[in-house]
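Read the structure below first, then the notes.
The values are calculated or read from the model by the stated rules, or taken from the named source; none is laboratory data. As the structure is a prediction and not an experimental result, all values here were calculated from the model. Glycine gets a Cβ as well: all are built from the backbone with ideal geometry, and neighbour counts include every protein chain shown.
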Amino acid sequence: MPPTPSSYKLRKVTRRTVLAAVALIALVALSALVAGNLDPSQEVDSADAAQVLLAVAVVAVPLVLWMRRPAVEVPVPDAKAALRELVRAQWREEAAARSLNDPGPIPLDWYAHGRPVGDPVAWFRTLNPRRMVITGGAGTGKTTLAVQLLLGLIETAQEGEPVPVILPLTEWDLSRWPHLSGWLADRLAAHYPGLRSPQYGDDAPAWLARGGHLLPVLDGLDELPAAARSEVITRLNSGLGDGDQVILTCRRPEYDAAVRQAGRMLTGAAVIVPKAVTPRVAADYLRSSLPNGEERGWLDTLRSGKSPALAAVAATPLGLWLLRTVHAEHDPDPRITEAELWHHLLDHVVPATMAARPPAGGRSRTPPGHDTPARPGGAPAGDRRSSPDPPFRPHHRWSPEAATKWLRTLACQPDVTWWRIASRLTTPAERRLLPFAAGVVLAVLTAGPLVAAGALSRMTFGTAELWLLGTTGVALPLIFARAAHTWLADSPGTVTLRRHLMRRPEVPALRAGLVTGLAIGLPIGLGSLESSTPVVSLLTGIVSAVAAGLPLGTAVWLVQWLEHPAPDLSAVTPPSSWRSDRALTLARALGSLSMVIPLSLLLTAVGDSQQRVPLAFALAWLAAIVFGLLFGRHHAWAVCVIVLCRLALTGRLPFRLMPFLDDMHRLGILRAVGPIYQFRHERLRAHLSGQERP
C-alpha cells in the first residue's frame, strides 16, 4: 500500500531538518576551527572579520531558507483531473493528424478466444482485471486501436477510473528504471511537465504512478530486442498490483516468443487479434476516401479478388493507408507480387504524400483530394465548424528526394528524439571533437568584441587584456570539451516564456535569490575596496553588494523560475520541447548579462583607467556565453545545434531540422508521442533504414 500524503510530508520535513542540522553543525565547527587558529596577540582586522562573517552568511542564509520551506501535500484529485484533460487534448489532435477518422474508422474487427469483441471500450471494462494485449501482424492497426481505446475511455470516463496514458516501450530503460512505477513517474513528468508545478505538490507524477491512478498503454513491445521483451513481461508481472490495469501492443509472434522466454504470460491479460479486412470491405473503404465518390478500376480488381497481392496488402490498415496515398490517381499493376507491391508502396509514399498535400499560404487544414459533399445547412463536410479538425498541411516546401534522404538518416534510430541525435548519429570521435571545435568558435566570438572595442577606443592592450584573450582562447575549448560529454544525456527543458511572464512570480523564491545575491555580493565589495576607515569600507561594500548581488540573485532566481513548469503547461510536443530548451539557453545568457555588466562596470569604476570599459563589456559578453551554456540543467538545444551543423554540411539532415520534422508529422509520415517522433509504422521505418522484416 503506498504511503499517504501526510506521511510523505512528515518524512520529507524530517529528512530536511536532519540535513540542515548536520550542515549547520559542520559550519559552526569550521568557524570554531578558524577562530582557534587565530593569533591572540595580533589585532583582528575589522574588514577581515566582516568578510568571515559574511562568508558564513553566504552558506547559512540559503540553508535556513531551504530548511524553513514548507512541504507541500499532493492534491491527487486536482493533478489527476488536470492530467485527464491534457491527455484528451493531446490525443484528439494526434488522432486528427494521423487521419484515424478520415473518412472514418478503418473497418477492423477484433477477436478474443475466437469470439468478436464488439465495442473495444465496453469490452475492456468487462475484464477483471482490466488488462489487455493487442496483438496482430505488421500494420494490422494495433497502435490505432490503442489510441481509439484511450480516447474512448477518456470520453466515457467513470468515477475512480485511472487515466490512460500512451507510452512507447522503447523509452523504458530497464537498467535505470527497474520498477514500472518509477519509469511511469519519470515519463509522466517529462511528457506532462505541468504536473511538476508547485500547485500539485512536490511529486504529483510519482503519486499518480504509485497510487494506481494511471492506465499505462504500452506501445511497441515487438520493437524491443528479444531479451528485453521477456524482461518487460517479467517486470510488469512483478510491478502490477491486484487492481492495476495495463494495455500492451505487440506483434503476435514476438509476444508468444517473449512469453515462452519469460516462462509466463502477462498475468490476467486478455489477448485480442484482428480479423483481416475482406477485399469487398477494403474496396468500399478506399472508394469512400476518394474525392466526390470517383471510381478507380483497381478498386474493382480488389473487390473481385483477381489480384491476390492487392487483396493481401489491403487486408491491413497500413496497406489501406498506403494504397489510398500512393494509388489515389494511378492503378497498380495487377501482375505484381505481394512483396513487390509492398516495396513499391513504401518507396513512393513520401513523394506521393508531399505531392498530395503541398504547403499553403496559410495554415490550410483540408488536404487536397479530401473534399466531401456539403452537410445540411451549406457547410462543407471538411469545414472546421462542423467536423473534427483534419490534419494540417505542411508549412514549408521540401524536395521529395532530399526529404527521403533525410528520413533514411533518421530511420536508423528506433525513434526520432531530437535531443538524442547528437549521441545516435555521430561517431565517438565526432562526439569528442565537436565540443572542442564549438569551444574554439565561441572563443573567437568572445575575443572578437574585445578586440573590436579596444580598436575603436584606441585602447592599448596590456598584460590584463592579453591574458584575458589568451585564457579565453585556451580555456573555452577545454571547458566545453569537458562539459559537453555530460550534455549528451540532458533532456530538454519545459519552459514557456509567454505562460511564465503571465504567471505571478513566487515571492519566497525571489526573496531567497535576492538574499543569496546580497550575501555573495557584500564580501566581493569588501574584498575589492580599500579605505582608511572601516565605516567607509562597510558602506562601499554595501553599495557593491547592491550593484553586484542584486543582479546575481535575480539572475539565479530567474533561471530557477523558468525551469520550474507552469501549472497550465500543456502536453509536451517535439516542437514545444525544442522551443523551450532554446528559450532557457537564451534566458540564461540574458540573465548573465544582467548579472555581470553591473559588476564589470563597478570594477572598472575603481580601476586606474576608464579605458577598461570595453574590457568590462567583454567580460560580460564572455559570461553571457559561458553562463548561458554551462549553467542550468538543460543543454539539449545547444548540443543539437552544434551537431546539426556537422550533419547538415554533409547533407545527412537539414539545417532547419524541427520545421522539417513538424512538416513530416503534418503529412502523416511521422507520429508524435509526447516529446518524441516515431515513424507512422515500424515497417516504414525499417524499409527506409534498409532493415525491413516481414
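All of G194, G182, G241 fail the test of being assigned to a loop (DSSP other than H, G, I, E, B) and in contact (Cβ under 8 Å) with a residue 24 or more places away in the chain, apart from G241. Checking the stretch 85-99 against the condition returns a match, with at least one residue being of a type in the set (D, E), surrounded by 15 or more Cβ atoms within 10 Å (Cβ to Cβ) and either closer than 25 Å to A270 by Cα or touching a residue at least 60 places away in the same chain (Cβ under 8 Å) (or both).
If we scan the stretch 167-175, do we find a residue that is of a type outside the set (D, E), assigned to a strand (DSSP E or B) and in contact (Cβ under 8 Å) with a residue 12 or more places away in the chain? Looking through the stretch 167-175, at least one residue is of a type outside the set (D, E), assigned to a strand (DSSP E or B) and in contact (Cβ under 8 Å) with a residue 12 or more places away in the chain.
Among the residues making up the stretch 72-125, a single one is small (G, A, S), within 27 Å of P675 (Cα to Cα) and part of a loop (DSSP other than H, G, I, E, B): S99.
Here are some residues: A402, A411, A443. Which one is modelled with pLDDT under 80 and aliphatic (A, V, I, L, M)? The unique qualifying residue is A443. A312 passes every criterion in (1) under 20 Å from R408 (Cα atoms); (2) modelled with pLDDT of 90 or more apart from (1).
Restricting F617, F660 to those that are among the aromatic types (F, W, Y), at pLDDT 65 or above and in contact with a helix residue (DSSP H, G or I) (Cβ under 8 Å, 6 or more places away or on another chain) reduces the list to F660. Any residue in the stretch 667-681 that is part of a helix (DSSP H, G or I) and out of contact with any Asp or Glu (no Cβ under 9 Å at 6 or more places or on another chain)? Yes: one or more hits.
Looking at the stretch 234-244, which of its residues are over 26 Å from the mean Cα position of the chain (by Cα) and hydrophobic (A, V, I, L, M, F, W, C)?
Residue satisfying the conditions is L240 alone.
To keep it simple, each residue is scored yes or no on (1) within 16 Å of S577 (Cβ to Cβ); (2) in contact with a strand residue (DSSP E or B) (Cβ under 8 Å, 6 or more places away or on another chain); (3) free of Cβ contacts under 8 Å to residues at least 40 places away in the same chain.
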position: I642; (1), (2), (3): no, no, no
position: R646; (1), (2), (3): no, no, no
position: R666; (1), (2), (3): no, no, no
position: I669; (1), (2), (3): no, yes, no
position: P675; (1), (2), (3): yes, no, no
position: Q678; (1), (2), (3): yes, yes, no
position: E682; (1), (2), (3): no, no, no
position: Q691; (1), (2), (3): no, no, yes
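Looking only at residues of the stretch 132-152 that are assigned to a strand (DSSP E or B) and of a type in the set (V, I, T), we find that the one that is farthest from A672 (Cα to Cα) is V133. The set of residues in the stretch 117-131 being of a type in the set (A, V, I, L, M, F, W, C), out of contact with any strand residue (DSSP E or B) (no Cβ under 7 Å at 6 or more places or on another chain) and surrounded by 14 or more Cβ atoms within 10 Å (Cβ to Cβ) consists of V121, W123.
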